[in-house]
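Here, each number is a calculation from the coordinates, and none is a lab measurement. All of these numbers come straight from a predicted model, not from anything done at the bench. Glycine gets a Cβ as well: all are built from the backbone with ideal geometry, and neighbour counts include every protein chain shown.
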Amino acid sequence: MIRMDKWIDTFQKNRTSQFIVLGLFILVSSASVYFLERSVTAFLLLLGSLLLLHYTHLTNRTKWIVGLLLLVVIIPLATSGGTSQQDYMEVAVQTGIYVAMALGLNIVVGFAGLLDLGFVAFFAIGAYTYGIFASPQATQLFHSDFFPLAGTWFWPFILIGGFMAAIFGILLGIPVLRVKGDYLAIVTLGFGEIIRIVFNNMDKPVNITNGAQGLSQIQQPEIFGFTFSLASQFYYIVIVILLVIIIGVQRLEHSKLGRSWKAIREDEIAAQSMGIPLVKTKLWAFALGASFSGMMGVVFSAKNMFVDPSSFTLIESITILVMVILGGMGSIPGVILGAAVISVLNLQILTEVTNFLTQNISIPDTLSPTKMQRLIFGVILVLIAVYRPKGLITAKAKQYDPAKLAEQPISDK
Amino acid sequence: MSLLQIKGLTKQFGGLTAVNQVDISIRPKSITAIIGPNGAGKTTLFNLITGIYKPDKGSISLAGTSLLNRKPNQIAGLGIARTFQNIRLFKEMTALENILVGMHNHLTSNLFGTLFRLPRVRLEEQNAAKHAYQLLETVHLADKCNELSKNLSYGEQRRLEIARALATKPKILFLDEPAAGMNPKETKELTDLITQIRNDFDLTIILIEHDMKLVMKISEEIIVLDYGQRIASGNPDEIRTNPRVIEAYLGKGAVS
């Protein structure tokens, strides 16, 4: 028993052995994904290696390199073994989209402490921004041959979609930030529904959004004559945007702006007394958080080639909020984990369990786990609130090195 | 020449006049204590000056600049910092981060610089952290720099609040009951600290305090409020013997 403790102790200190174990884990899980025909368990283990990576004591640089290697090379390769690569990649793309949205909502809810229950509205704005201009809808609207825009326009539209969402974030923020707490939650909930209903009804008198039928034949992204159409191709677009977002939020978290958000979350009056302008700082949180959602909205509409208002319901906003709460409000790795867990649960585990149950014991359709999504979210929320109120991975404060702090400041002139 | 000039300041909450026609004039680099029985309007006065409440009547000016119709963050930018009666630290942030928040107005980084991590922004952040550490040393909390502020002891939290207020580089520092809940030893240390920061930072200090030993020891000027009105002002000796002050604290008949 004592030897076991000793062994664990050395293992915790020894980076090389951790690296080897992690490598073996990745090898085994990726090999099983490669050789087994559609095994959800193996795929989950492979994704789990990212979590394992988070908990190793490797240097930050090694973590980034291994993480990138996993995402860019190993996961696409491992899933290419069987016939179900596109299924896996579909899940990965959707997970990526949710992770980006959860990171955006984390700025608003986790950092700035503003409860937003209508966050999916910004996703809708991004999706419709690209959807309208890149589909025959624009031809009808502007009577111009210039539209629909070609697929190459997708790239600038990622930024335009983000920008539009940010604008709407500010437009929502200006009137809404007069109210606090529960009232803020109710008003944002209303805003989310208003956006959806407006898109649903903007087909008359002038047909802008094509109403409940939605927009179809949206152009797929194109670059140098190459068209992105498969999930495995969109995967790379999502990974790149996601990396930019993750690096962005990491830098924001410990910046002047990030500290101001947290100060407002902790105590508005004290924050104001320290010179922090409340409205401006909160509007930045709304705008930046919304822009992540907007960018992914553009990707979403380009990938599905179709958008309609039914994709942007209240349950989507709640799903994103559950991701943030489950992962840990204000914790970047936590929110990524929360988003991954919930989306994989939704997209894979629930459907797999349903398939398993219907094949083995015939259960009535109304009892199938895919229909119990809300119940499961409710249970998760209750369990988290009781047992881990700070989420799966608690937010950590930045630790400074006192020895470095004691040095003389360097003059910047 | 007075640094802070208050004239005819009045604030009503419904039928209650919390602050009534108060005139105050504060000399630069002085330590002034505001005392008075509970409910005399001392904290309300602080909240009026720092912009948390809007006065009904009267004027407040700092070195000739009117503070009326300004938001608390703008008033902080003009050089007024404060601590709170019921400690208002940023609980889930470390001691060092609390101070960095206090430096808000003196950091120039913008969104672009932060996202691209420009060398200028990185240097500014490093220097800010070092300055924050020096402030923690001033209040003897350097060894707690990475501690969440909610985990500090009561006396430490009070000192951290003072350091956080100093980080805004104020002209006037308002301390709302800085010694509340402290034991005699801590109060003694606090007394020394207040005098020390006044000298080191060239500050004007205004404090609300119930601990008369502390008040009599450090203040050069004392203002007494009762029922929202200024009933007396003067140096500690004058206040100690002022019959109206004794009456306010001990009731009619106590003087004779």
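At a glance:
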read-out: Residue check for A:Pro156: without any contact (Cβ under 8 Å) to a residue 24 or more places away in the chain, on the phi < 0 side of the Ramachandran plot and part of a helix (DSSP H, G or I); value: yes
read-out: Residues of region B:148-170 that turn out to be facing chain A (nearest Cβ under 9 Å) and either surrounded by fewer than 21 Cβ atoms within 10 Å (Cβ to Cβ) or farther than 12 Å from B:Asn98 by Cα (or both), as a count; value: 1
read-out: Matching residues in region A:197-229 - criterion: being surrounded by 14 or more Cβ atoms within 10 Å (Cβ to Cβ), touching a residue at least 60 places away in the same chain (Cβ under 8 Å) and part of a loop (DSSP other than H, G, I, E, B); value: A:Ile208, A:Thr209, A:Asn210, A:Gly214, A:Ser216, A:Ile218, A:Gln219, A:Gln220, A:Pro221, A:Phe228
read-out: Near pairs, Cβ below 6 angstrom, 6+ apart or cross-chain, from region A:21-50 (on the phi > 0 side of the Ramachandran plot) to any residue that is surrounded by fewer than 20 Cβ atoms within 10 Å (Cβ to Cβ) and not charged (D, E, K, R); value: A:Arg38/A:Ser84
read-out: Hits in region A:172-196 (condition: over 20 Å from the mean Cα position of the chain (by Cα), surrounded by 14 or more Cβ atoms within 10 Å (Cβ to Cβ), closer than 25 Å to A:Val298 by Cα and among the hydrophobic types (A, V, I, L, M, F, W, C)); value: A:Leu172, A:Phe191, A:Ile195
read-out: Filtered residues of region B:79-110 (kept if under 18 Å from the mean Cα position of the chain (by Cα) and farther than 15 Å from A:Ile276 by Cβ); value: B:Gly79, B:Thr83, B:Phe84, B:Gln85, B:Asn86, B:Ile87
read-out: Residue within region A:337-356 that is in contact with a Leu (Cβ under 6 Å, 6 or more places away or on another chain), away from every other protein chain (no Cβ under 14 Å), touching a residue at least 40 places away in the same chain (Cβ under 8 Å) and not aromatic (Phe, Trp, Tyr) present; value: yes
read-out: Candidate set from region A:377-413 (those that are farther than 18 Å from A:Gly334 by Cβ and not in a loop (DSSP other than H, G, I, E, B)); member that is nearest to the other protein chains (Cβ to nearest Cβ); value: A:Leu405
read-out: Test result for B:Thr108, within 20 Å of B:Lys130 (Cα to Cα), within 8 Å of chain A (Cβ to nearest Cβ) and touching a helix residue (DSSP H, G or I) at 6+ places or on another chain (Cβ under 7 Å); value: no
read-out: Filter result (within 14 Å of the chain's Cα centre (by Cα) and over 14 Å from B:Arg88 (Cβ atoms)) within region B:139-162; value: B:Arg159
read-out: Matching residues in region B:71-106 - criterion: being basic (Lys, Arg) and in contact with a Lys or Arg (Cβ under 6 Å, 6 or more places away or on another chain); value: B:Lys91
read-out: Residues of region B:111-146 that turn out to be β-branched (Val, Ile, Thr) and facing another protein chain (nearest Cβ under 9 Å), as a count; value: 2
read-out: Criterion (crowded, with 18+ Cβ neighbours inside 10 Å and in contact (Cβ under 8 Å) with a residue 60 or more places away in the chain) met by exactly one of B:Leu135, B:Leu100, B:Leu141; value: B:Leu100
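Residues are listed down the side, and each one gets a yes or a no for (1) of a type in the set (Val, Ile, Thr); (2) touching a residue at least 12 places away in the same chain (Cβ under 8 Å); (3) part of a helix (DSSP H, G or I); (4) more than 9 Å from every other protein chain (Cβ to nearest Cβ):
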| site | (1), (2), (3), (4) |
| --- | --- |
| A:Val249 | yes, yes, yes, yes |
| A:Arg259 | no, no, yes, no |
| A:Gln272 | no, no, yes, no |
| A:Trp284 | no, yes, yes, no |
| A:Ala290 | no, yes, yes, yes |
| A:Ser293 | no, yes, yes, yes |
